[in-house]
Each structure stands twice: as structure tokens, then as C-alpha cells.
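Remarks on the structure that follows.
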Amino acid sequence: MSTRKKWESHSPNQTIARGRLIGQTLHPGTVIALVGGLGSGKTTLVKGLALGLGVKDSREVKSPTFVILHRYEGRSPLNHFDLYRLDRTSDLDRMGIEEFLSDPNAISVVEWADRIPSILSEADIRIELSRSGDTDRLIQMDARGR
Ligand SMILES: Nc1ncnc2c1ncn2[C@@H]1O[C@H](COP(=O)(O)OP(=O)(O)OP(=O)(O)O)[C@@H](O)[C@H]1O
Ligand SMILES: [Mg+2]
């Protein structure tokens, strides 16, 4: 079974609100791949996911710039990866990341997931963001399973 949905967002707050609704429905063990160019709204959507998962201080949510992973405590732990800086991902890095992704108790979200094709193809949910205007974004979600 798979679901495909598409939404338009006209402001950062609408993207956060969409993320929040998605976050409220997530089950532990879910891996979400985020795809979309610079400034397309990936981190903004993650703020919403964190809110939907009950992370107390969603201001904590920012792109992990110097580290690859942030972890927030919510209803389930949320692992937030950003692969932008990984231009040559070693097998060791990839295996380390995959170990976090296979944690059945956590939810993981990966910005620039397309930098590691195996992660993109194994994700339960794939969300693509694209810029359609200054403050307009198209959000397309493909989910497999429930
Ligand atoms: N509808 C919208 N949804 C999300 N962000 C928007 C929207 N309109 C404008 N923006 C702006 O676009 C930028 C999105 O930044 P954000 O960090 O979320 O993108 P990103 O995809 O994570 O970028 P990066 O690839 O650099 O990590 C912010 O400055 C935000 O204010
Ligand atoms: Mg980002």
C-alpha cells in the first residue's frame, strides 16, 4: 500500500503546520527522507514534525551544520540528520547512520537523503519540497505501508 499526497504552503508557518500534522501520525521506527534544494523548507518542516511529536522546544530544531545528527526528545526520540556536507560518504559513515535509522524506538528524518541513495530507497516516507515562489512551496509526500 502506498499513499501519495501533495500540498501547497504559502508561508513558513504553513509548512510548520503541515509538518506538525504529519508528526502527529508517525509511528516509532519510521524513517523519513527529505529531498529538495537549498532553502526549500526541509528544516522548517522538521520543526513542525518535532512539534507534532511533542518535542518541548522546537526552537532547538536547526540544520545540523557541524554535526550530522541532532536528537530531540519527544513522544518518541527524533533523530534529525543533514547529509548536505557529506560529499564522499564512506561506508563507515553510511553504516553508522543506518544503525540509527534501524532503531525501532526512534523516528528519523534525513535532509538531503538523496546523497545516500540506499537511504532514499529504504525510507518509509519520502517528502519532496520545491520552491514555487518567494514564500510558496510545494510539498509532495509518498508513504509506503500504513
Ligand atoms: N512556505 C514556506 N515554507 C518553508 N520555508 C519558507 C516558506 N516561505 C519562505 N520560506 C523561507 O525559506 C527558508 C527555508 O529554510 P530551511 O532552512 O527550512 O530550508 P532547507 O531546505 O532546510 O535548506 P538547507 O538545504 O539549507 O538545509 C527560510 O528562510 C524560510 O523562512
Ligand atoms: Mg536544512
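The values are calculated or read from the model by the stated rules, or taken from the named source; none is laboratory data. Just so it is clear, the model here is predicted, and its values are computed rather than measured. Neighbour counts are summed over all protein chains in view; Cβ atoms, including those assigned to glycine, are modelled from backbone coordinates with ideal geometry.
Hey, can you tell me all the residues within region 12-28 that are touching a helix residue (DSSP H, G or I) at 6+ places or on another chain (Cβ under 8 Å) and under 15 Å from L129 (Cβ atoms)? Those that are touching a helix residue (DSSP H, G or I) at 6+ places or on another chain (Cβ under 8 Å) and under 15 Å from L129 (Cβ atoms): P12, T15, I16, A17, R18, G19, I22. If the condition is being more than 20 Å from G74 (Cβ to Cβ) and of a type in the set (F, W, Y), then region 89-132 contributes only W112. May I ask you to list the residues in region 92-115 that are at pLDDT below 90 and within 16 Å of ligand 2 (Cβ to nearest atom)? Of everything in region 92-115, just one residue is at pLDDT below 90 and within 16 Å of ligand 2 (Cβ to nearest atom), namely R115. Restricting to region 12-54, what's the tally of residues that are within 27 Å of R85 (Cα to Cα), outside any helix (DSSP H, G or I) and small (G, A, S)? Here the count works out to 7.
G41 meets all of the listed conditions (1) in contact with a strand residue (DSSP E or B) (Cβ under 9 Å, 6 or more places away or on another chain); (2) away from ligand 2 (no atom under 15 Å from the Cβ) but one, namely (2). Scanning region 57-76 for residues that are out of contact with any Phe, Trp or Tyr (no Cβ under 9 Å at 6 or more places or on another chain) and not in a helix (DSSP H, G or I), we see that the one that is nearest to ligand 2 (Cβ to nearest atom) is K62. If you go through region 22-43 and keep only what is over 21 Å from S118 (Cβ atoms) and within 8 Å of ligand 1 (Cβ to nearest atom), you end up with G37, L38, G39, S40, G41, T43.
The listed residues are V31, V35, and the only one of them that is among the β-branched types (V, I, T) and more than 24 Å from D134 (Cα to Cα) turns out to be V31. Checking each residue in region 110-129 for being over 14 Å from K5 (Cα atoms) and not in a loop (DSSP other than H, G, I, E, B) picks out V110, E111, A113, D114, R115, P117, S118, I119, L120, S121, E122.
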